[in-house]
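Written below as structure tokens is the structure these notes are about.
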Amino acid sequence: MTLLAVSNLTKRYRRGNKTIAAVDDVSFHIDPGETLALAGPSGSGKSTIARLALRLIEPDDGRIDFEGGDFLALSGAALRARRARLQMVFQDPLAAFNPRATVARVLDDPLRIHGIASRGERPRRIAALLERVGLTADLAPRAIHEISGGQRQRVAIARAIATKPSLIVLDEAVSALDVSVRGEILELLLDLQRQEKIAYLFISHDLGVIRSVAHRVILLDAGRIAENGDARTVIDAPQSAIGKALVAAAPRLNRTGP
Amino acid sequence: MTALALIRNLTVTYRRDGSEVAALRSVSLDIEAGERLAIIGESGSGKSTLALAIAGLLPGSAKIGGRIDWFLSSLGAKAPPSVLPDISPSRGEIGSFAVGSSPATLVIGEGGNKGAISPLEGEMSGRTEGGLIECRSQKSASKQSHIPRLGRDIGFVFQDPSASLDPVMTIGKQIAEVARTHLGLTWSQSYARAKGLLERVRLPDPDSALRAFPHQLSGGQKQRVAIAAAIAAGPKLLIADEATSALDTIVQAEIVALIRRLVTEDGMTLLFISHDIALAAELAERIAVFRHGQLVELGMTAQIVGAPAQPYTRALLDAHIGLDTRPLLNRARLRA
Ligand SMILES: Nc1ncnc2c1ncn2[C@@H]1O[C@H](COP(=O)(O)OP(=O)(O)OP(=O)(O)O)[C@@H](O)[C@H]1O
Ligand SMILES: [Mg+2]
């Protein structure tokens with residue numbers, strides 16, 4: 001069964017007196033437990049697709065089916081309920097949360113809003129979530145701005161999985177992390193995917209990372225799909241002009257020694 | 001090799017909420033004239049603090065120990081000497097070298113440019129004089145040396161090109177002003193030089209770009225302009241602090257190629273600061289690895305990358321995920 005099916009999605013923006021198609025007739029699908037990566041140059045439409053899929057913005061054209069239903073037709077309580085199954089993690093968790101909020105507060109919100117746990121039960125659930133993402137429960141009273149970038153991204157992931165989603169949109173979620181922390185976060189994401197069968201829409205400018213963790217990849221160019229297929233097949237031998245340019249531009253580390 | 005600068009026991013301490021944070025601990029490092037040297041490390045390793053210390057841009061509240069000895073004049077400058085009196089680098093100097101001199105740009109680092117310049121928020125309000133490093137000029141037999149001046153002797157390119165450009169000043173004026181201030185040229189000579197620089201950084205249509213404002217350019221084009229401004233007075237040392245980190249991969253590769261070409265053509269020394277070891281290795285002849293404010297390892301690029309002496313360097317290399325790295329996905333599958 002397909003988890004997310006996007007058909008002929010189009011989003012236009014006005015710039016001055018011109019109209020540009022940020023996303024231009026894009027179709028793709030994601031299966032349960034699968035990672036689909038989006039790559040492409042800056043401005044190619046990756047984040048716009050993410051925002052459309054999350055219904056943070058509405059498309060001009062096209063259709064989105066999520067968990068077997070017309071996602072764009074939902075509103076009110078039905079939309080809210082369905083949203084619990086579709087979560088997000090962005091590049092900068094500090095921007096996503098109130099920096100003065102505590103870790104506990106950040107995790108309490110989704111549990112309360114989606115009615116997942118009673119007030120009395122929530123502290124236990126928060127502790128369990130923190131442990132699930134490799135943190136300890138004593139982090140709960142700390143403010144978001146007091147913890148490290150890696151810890152913050154783990155909290156963002158904990159918050160995303162609090163509502164037991166089937167799909168998480170990750171927009172450059174590991175791009176700002178130190179390489180040592182990045183590896184751990186990627187391991188955590190893969191582990192969650194295996195255990196809970198979560199699917200990811202994984203947006204990154206880093207083809208090395210995509211090749212490492214994604215099942216399939218879509219290469220975007222100016223809002224259109226330039227190429228798509230198995231992540232390693234596409235990245236190891238890109239066919240499109242943009243794919244070749246992206247691969248050629250990726251820095252290479254030659255470890256053969258002096 | 002001739003040294004451009006000898007850094008000895010450089011220690012920089014920031015004060016934050018009453019406590020002191022050592023950003024650099026007794027760092028000793030030689031910068032060779034004409035070399036491409038990369039400084040790499042993770043967040044908080046002190047790389048930007050080192051760049052700011054070398055450029056004389058540390059906030060006045062920073063406590064500085066150690067010394068930097070410069071060997072500038074013995075190198076045969078390509079740029080004509082300044083006709084202006086040498087003044088000590090101050091906050092205003094930031095404005096005059098690459099950002100124009102409107103009051104808005106003088107507070108760079110206090111608001112819009114967090115992290116890029118100001119290692120700690122709210123630390124930049126003091127004047128720089130208190131934070132000046134003890135700088136000693138070495139007098140060589142014939143030529144007189146001097147303390148480096150930002151803009152004239154050192155060009156600085158920041159991560160965020162928007163933050164280093166004045167939004168209300170034309171591109172042409174921002175570059176021309178650097179040339180005028182440091183080379184003593186007339187405005188028309190300065191504009192001619194600015195146009196030449198825009199051609200050198202391969203900005204399309206330099207004539208109309210001279211009259212354009214920063215917001216009319218893409219991120220990559222803005223960074224080209226920032227580089228043009230940084231090299232406008234023919235500095236000996238170009239410092240690029242994460243100058244390509246905000247750009248997409250394709251534009252990043254173009255800017256790296258541009259920096260390489262410019263430093264080669266002008267015989268500049270390059271200090272390339274990056275968190276990306278692969279990128280650093282593509283550009284630099286030597287790599288210095290920093291961690292927790294200390295210099296962990298320094299060596300030729302091939303040695304650092306191919307035969308690192310320190311476990312930390314090896315850990316950084318192992319954490320790199322390249323196009324030939326075994327996918328985590330496969331490893332996870334094997335373990336599952
Ligand atoms: N709210 C908006 N108003 C006008 N134009 C927009 C808006 N959001 C995005 N765009 C335009 O849509 C196009 C796609 O932008 P998008 O942010 O999706 O790119 P991206 O692939 O995520 O880029 P990056 O790698 O820089 O994050 C760009 O041309 C952008 O300028
Ligand atoms: Mg984006």
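Do you know which residues across region A:171-220 are of a type in the set (A, V, I, L, M), within 16 Å of ligand 1 (Cβ to nearest atom), in contact with a helix residue (DSSP H, G or I) (Cβ under 8 Å, 6 or more places away or on another chain) and away from chain B (no Cβ under 11 Å)?
Scanning region A:171-220 gives A:Ala173, A:Leu201, A:Ile203, A:Val217, A:Leu219, A:Leu220.
In region A:221-236, how many are aliphatic (A, V, I, L, M), within 18 Å of A:Thr35 (Cα to Cα) and out of contact with any helix residue (DSSP H, G or I) (no Cβ under 6 Å at 6 or more places or on another chain)?
Going through region A:221-236 one residue at a time, the tally reaches 2.
Take A:Phe28 and tell me if it is outside the structural domain of A:Val155 (by TED's automatic domain parsing), away from ligand 2 (no atom under 16 Å from the Cβ), closer than 23 Å to A:Lys164 by Cβ and out of contact with any His (no Cβ under 6 Å at 6 or more places or on another chain).
No: the conditions fail for A:Phe28.
Going through region B:303-328 one residue at a time, which ones are of a type in the set (A, V, I, L, M), surrounded by 17 or more Cβ atoms within 10 Å (Cβ to Cβ) and either more than 30 Å from A:Gln193 (Cα to Cα) or touching a strand residue (DSSP E or B) at 6+ places or on another chain (Cβ under 8 Å) (or both)?
B:Ile304, B:Val305, B:Leu316
Within region A:169-189, can you find the residues that are within 16 Å of ligand 2 (Cβ to nearest atom) and not acidic (Asp, Glu)?
Residues satisfying the conditions are A:Val169, A:Leu170, A:Ala173, A:Val174, A:Ser175, A:Ala176.
Which ranges mark the strands (runs of 3 or more DSSP E) fully within region A:23-91 that have 2 or more residues being on the phi < 0 side of the Ramachandran plot, away from ligand 1 (no atom under 16 Å from the Cβ) and out of contact with any Cys (no Cβ under 6 Å at 6 or more places or on another chain)?
A:61-66, A:86-90
With the checklist (1) modelled with pLDDT of 95 or more; (2) under 30 Å from A:Thr19 (Cβ atoms); (3) among the acidic types (Asp, Glu) in hand, flag the one item A:Asp92 doesn't pass.
Here A:Asp92 clears every test but (1).
What is the number of the single condition among (1) among the hydrophobic types (A, V, I, L, M, F, W, C); (2) buried (at least 16 other Cβ atoms within 10 Å of the Cβ); (3) under 29 Å from A:Ser42 (Cβ atoms) that B:Ala257 does not meet?
(2)
Test A:Asp109 against the stated conditions and say whether it is in contact (Cβ under 8 Å) with a residue 12 or more places away in the chain, more than 15 Å from ligand 1 (Cβ to nearest atom) and surrounded by fewer than 15 Cβ atoms within 10 Å (Cβ to Cβ).
Yes.
Restricting to region B:6-26, name every residue that is among the aliphatic types (A, V, I, L, M) and either crowded, with 23+ Cβ neighbours inside 10 Å or in a loop (DSSP other than H, G, I, E, B) (or both).
Selection gives B:Leu10, B:Val12, B:Ala23, B:Leu24.
Quick check: is even one residue across region A:14-21 within 8 Å of ligand 1 (Cβ to nearest atom), over 21 Å from A:Leu86 (Cβ atoms) and either within 14 Å of chain B (Cβ to nearest Cβ) or surrounded by 15 or more Cβ atoms within 10 Å (Cβ to Cβ) (or both)?
Yes: region A:14-21 contains one or more residues that are within 8 Å of ligand 1 (Cβ to nearest atom), over 21 Å from A:Leu86 (Cβ atoms) and either within 14 Å of chain B (Cβ to nearest Cβ) or surrounded by 15 or more Cβ atoms within 10 Å (Cβ to Cβ) (or both).
Among the residues of region A:226-246 satisfying the criterion of being among the β-branched types (Val, Ile, Thr) and buried (at least 20 other Cβ atoms within 10 Å of the Cβ), which is farthest from the other protein chains (Cβ to nearest Cβ)?
A:Val234
The values are calculated or read from the model by the stated rules, or taken from the named source; none is laboratory data. Predicted, not measured: the structure shown is a model, and the values here were computed from it. A quick note on method: Cβ atoms are made from the backbone with ideal geometry, for glycine too, and the neighbour counts reach across all protein chains shown.
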